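Structure, as structure tokens:
The values are calculated or read from the model by the stated rules, or taken from the named source; none is laboratory data. Quick caveat: nothing in here was measured; it's all calculated off a predicted structure. Using ideal geometry, Cβ is built from the backbone for each residue, glycine included, and neighbour counts are taken over all protein chains shown.
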Amino acid sequence: MFYGRMRELDRMNRLYGSKEHQVVVIYGRRRVGKTSLINEFCKDKRAIFFSALESTAEKNLRALSKTVNSLLRPESSVQPEYTSFDDVLTEIYEESQREKLVFVIDEYPYLAAADGSVSSVLQHMIDHKFSKTDIFLILCGSSMSFMEEQVLGHNSPLYGRRTAQFKIEPLEYLAAAEAHPGLLPETNALIYGITGGVPHYINKLAVEGDDGIGHAITENILERTSYLFEEPANLLKQELREPSTYNSIIAAIAGGAARLTDISDKTSLDYALCSKYVSVLMNLGIVGRKEPVCGNTKNKSLYFVKDNLFRFWYRFIPDNMSSIMAGRPEQVYEKEISPLLDQYMGASFEDICRQYLVFHADVPFTIKEIGSWWGGNPATKVREEIDILAVNGGNAIFGECKWRSALTDLSVLNDLKRKAGLFREFDERYYYLFSRSGFTSGVKEAAEDDRSVRLISLADIYGG
């Protein structure tokens, strides 16, 4: 089922409707849904879809030739053998003159690694032949650094040739919920908290019904033969040369090592080397870095596991590996995960609430910066935290997010206002309480009397 990428699909179809040639670059981390988007786009179009091989130039040329022949000569017993990429690209060009054609090279970095000249060959073809037709060329890749540097970068032979580019990110929470339109907001929030909006993970988690989240976790993550149980290790092996080192770094961050010095100490890695490894994980979208909104942010950067599946896996799997390997996934879920799931969802709910404010809420001002805040209270010398701080000039939204079974009460609002009092620079202040379970009558009455207070339920976040 295709879902969540209608804006990108619509944009691609509008480009296709033009009478000019197109060179569209699509890139993003693995599993994020790039190929699904391209397949949906190509459904009703004449297309050559070539998925490059992580192999030699000869094998890639042979595979591309076979793909071209399967479209142009499906019934013919005579299949031309192309001796170079220039030859096969010329054949594609000639065919595009006869009838409009989509030509896709998926995992383009594999092809470029197999033949270092292919980007130059493609550049020459675009400049001298493709540009004279209305061919729709798509270059797609999962290596973000390669696509940004070797396809879009100034030093690439292909620089300046692209007519559009799409950096495909994980789905935001509401788009991810399109996979399960019949489920309750709470269930869809839990699915997002585990999968992070990565379509492939949503599909593999395979939640069926609002009472099916526990069964899905047990069968599709905790079962040692399941796809998602193996996914973090497999992804590290595919992307990285030293997966064990990166594994130790992710484990350290998941275990609470939020500063680079702490990560270095916990993994026994040299500080500079550790910084390099962490940067690689950030480029892959597995690890993120955040700084407090407003105030002095020097030396306050914190690292966190950004990919929700990795965060879930490293939070619950390593400590329970013995029971999992002994074939007791049901016991692990009931005893070790279910009681802690609300606690785990805290960070995911904060992320969902920030997305709601940016993409869907009717906010009182245009948000220029949004995040969280942490810092010392100069009066009490105690570290304070605010879940959400969104600002623009003298305007600020202070937000508190509560993922718990109890109703959110007046004490939460009062504490939020107290912490907001640490900031003197905002003339207009708004206080947003986000609650999974709803609000007490006391805080509802306070919101009715104070126009600066907004109460946002989970139903509101998911569109009523």
Completion exercise
Expected output for the range 398-409 (first residue of a type in the set (Val, Ile, Thr), partner crowded, with 17+ Cβ neighbours inside 10 Å, Cβ below 6 Å, 6+ apart or cross-chain) is 408/402; 408/433; 408/435; 408/439
Exercise for the section: Just give me the residues in the range 190-211 being more than 23 Å from residue 41 (Cβ to Cβ), assigned to a helix (DSSP H, G or I) and out of contact with any helix residue (DSSP H, G or I) (no Cβ under 6 Å at 6 or more places or on another chain), in sequence order. Expected result: 191
Fill in the blank from the handout: Inside the range 23-45, the number of residues satisfying the requirement of being touching a strand residue (DSSP E or B) at 6+ places or on another chain (Cβ under 9 Å) and closer than 24 Å to residue 145 by Cβ is 10
Exercise for the section: Might you let me know whether the range 287-307 holds any residue that is at pLDDT 95 or above, in the same structural domain as residue 195 (by TED's automatic domain parsing) and among the small types (Gly, Ala, Ser)? Expected result: yes
Fill in the blank from the handout: Note on the range 227-253: residues part of a helix (DSSP H, G or I), of a type in the set (A, V, I, L, M, F, W, C) and in contact (Cβ under 8 Å) with a residue 24 or more places away in the chain are 228, 229, 235, 249, 250, 251, 253
Practice task
Kindly indicate whether residue 386 is modelled with pLDDT of 95 or more, in contact with a Gly (Cβ under 8 Å, 6 or more places away or on another chain) and either within 30 Å of residue 300 (Cα to Cα) or among the basic types (Lys, Arg) (or both).
Solution key: yes
Problem - Criterion violated by residue 45 - all others in (1) assigned to a loop (DSSP other than H, G, I, E, B); (2) closer than 22 Å to residue 115 by Cβ; (3) under 34 Å from the mean Cα position of the chain (by Cα) satisfied - result: (2)
Handout entry: Complete set of residues in the range 377-405 that are over 13 Å from residue 421 (Cα atoms), surrounded by fewer than 14 Cβ atoms within 10 Å (Cβ to Cβ) and of a type in the set (Gly, Ala, Ser)
Key = 393, 394, 405
Exercise for the section: Please specify each residue of the range 415-446 satisfying the condition of being assigned to a helix (DSSP H, G or I) and free of Cβ contacts under 8 Å to residues at least 24 places away in the same chain. Expected result: 415, 417, 418, 441, 444, 445
Completion exercise
The helices (runs of 4 or more DSSP H) lying wholly within the range 254-366 that contain at least 1 residues that are within 22 Å of residue 194 (Cβ to Cβ) and within 23 Å of the chain's Cα centre (by Cα) are 271-283, 308-316, 341-355
Problem - Given (1) at positive phi; (2) touching a residue at least 60 places away in the same chain (Cβ under 8 Å), index of the condition residue 293 fails - result: (1)
Exercise for the section: Report yes if some residue within the range 46-69 is surrounded by 18 or more Cβ atoms within 10 Å (Cβ to Cβ), free of Cβ contacts under 8 Å to residues at least 12 places away in the same chain and out of contact with any strand residue (DSSP E or B) (no Cβ under 8 Å at 6 or more places or on another chain); otherwise report no. Expected result: yes
